[in-house]
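A short worksheet on the structure shown next.
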Amino acid sequence: MPIRSMTGFAQAKGQVNPQLGFTLSLKSVNHRFLDVHFRLPADSDALEMKLRRLLREKLARGHLELSLNVERAGGESFSLNRQIVGGYIQAFRAAAAEFGLAAEPDLNVILRIPGALDAAALPADGAVEASVLGKVEEVLERLNQMREEEGRGIERELRHRMEHVRQAGKEIEKHRHAVLQGYVERLKTRMQELIGSQAEPERILQEAALLVDRSDIQEELVRLETHVNHFLTMLDQGGEVGKKLDFLLQEMNREANTLLSKTSGLAGEALNITQMGLAIKAEIEKAREQVQNIE
């Protein structure tokens with residue numbers, strides 16, 4: 001399955017019979033999980049459950065909004081809640097008779113009562129439900145086409161960013177030996193200071209071990225290259241990789257931070273490493289912005 005964005009929109013129209021049609025719309029934006037919301041006519045609980053199950057089978061992540069608008073011949077889009085309207089009229093007339101008032105209820109006021117007008121309810125024969133479920137596949141296909149098209153653009157961008165990270169890592173490798181030499185000089189100076197202060201041999205060894213441990217950035221460069229290769233492999237495989245790619249970028253960012261901390265305080269060619277390390281962090285941040293929208 002190709003890489004998919006979580007952003008998309010699709011719409012399809014259906015016809016139940018000459019007197020009844022509908023429009024089915026599905027909008028998707030990015031979200032950490034699958035978050036589904038519905039806008040359906042009244043008495044659509046059974047249909048909502050079936051739609052929810054179908055969407056969960058076809059989609060993995062995203063904030064989804066599915067809307068169903070029923071369109072009746074003659075433009076009827078609302079139904080009158082006779083129970084509420086009739087009860088109001090009956091109560092109004094009973095109150096008017098009790099208090100001897102010559103008045104009739106105002107229809108404009110009645111129709112503004114919450115629940116007096118309902119969106120056109122679905123017929124109870126199941127014909128609309130069957131037609132809507134039949135159209136969902138079409139809407140999902142259109143949505144995924146749009147998401148896949150945007151996903152291809154995101155994938156190209158991510159490969160571009162990873163190439164920049166890889167090239168920056170190679171540039172850092174060119175300066176690594178010079179930086180090591182700088183650490184050697186610092187180590188010699190520090191040891192001379194300790195010897196001059198008549199420090200214990202164990203203390204000298206501890207200081208030497210600490211400086212050596214902090215000196216080499218080879219381990220960070222190797223891990224960074226490994227993460228980049230893993231990242232590109234996952235792009236090749238496709239599918240629902242958004243969360244995994246985000247985790248890998250966090251690991252890359254951690255290696256970049258460690259690399260920068262190991263070379264802080266050094267002059268000369270270490271400044272080039274700092275510049276390249278900051279460039280790596282910038283590329284990782286740009287990649288994370290894109291990954292946030294991958295399913």
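Bear in mind that the values in this text are calculations on the coordinates, not laboratory data. Keep in mind that this is a model prediction, so the values were computed, not measured. Positions of Cβ are backbone-derived with ideal geometry, glycine not excepted, and every protein chain shown enters the neighbour counts.
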Excluding K281 itself, what net charge comes from residues whose Cβ is under 14 Å from its Cβ, given Lys and Arg +1 and Asp and Glu -1? -2
Determine the sum of side-chain charges near Q15: Lys and Arg each +1, Asp and Glu each -1, restricted to other residues whose C-beta is under 15 angstrom from that of Q15. 0
How would you rank 106-112, 256-262, highest first, on the average number of other Cβ atoms within 10 Å across their residues? 256-262, 106-112
Give, in nm to one decimal, the length gained when the segment between A46 and R82 is fully stretched (0.36 nm per residue of separation minus the Cα-Cα distance). 10.6 nm
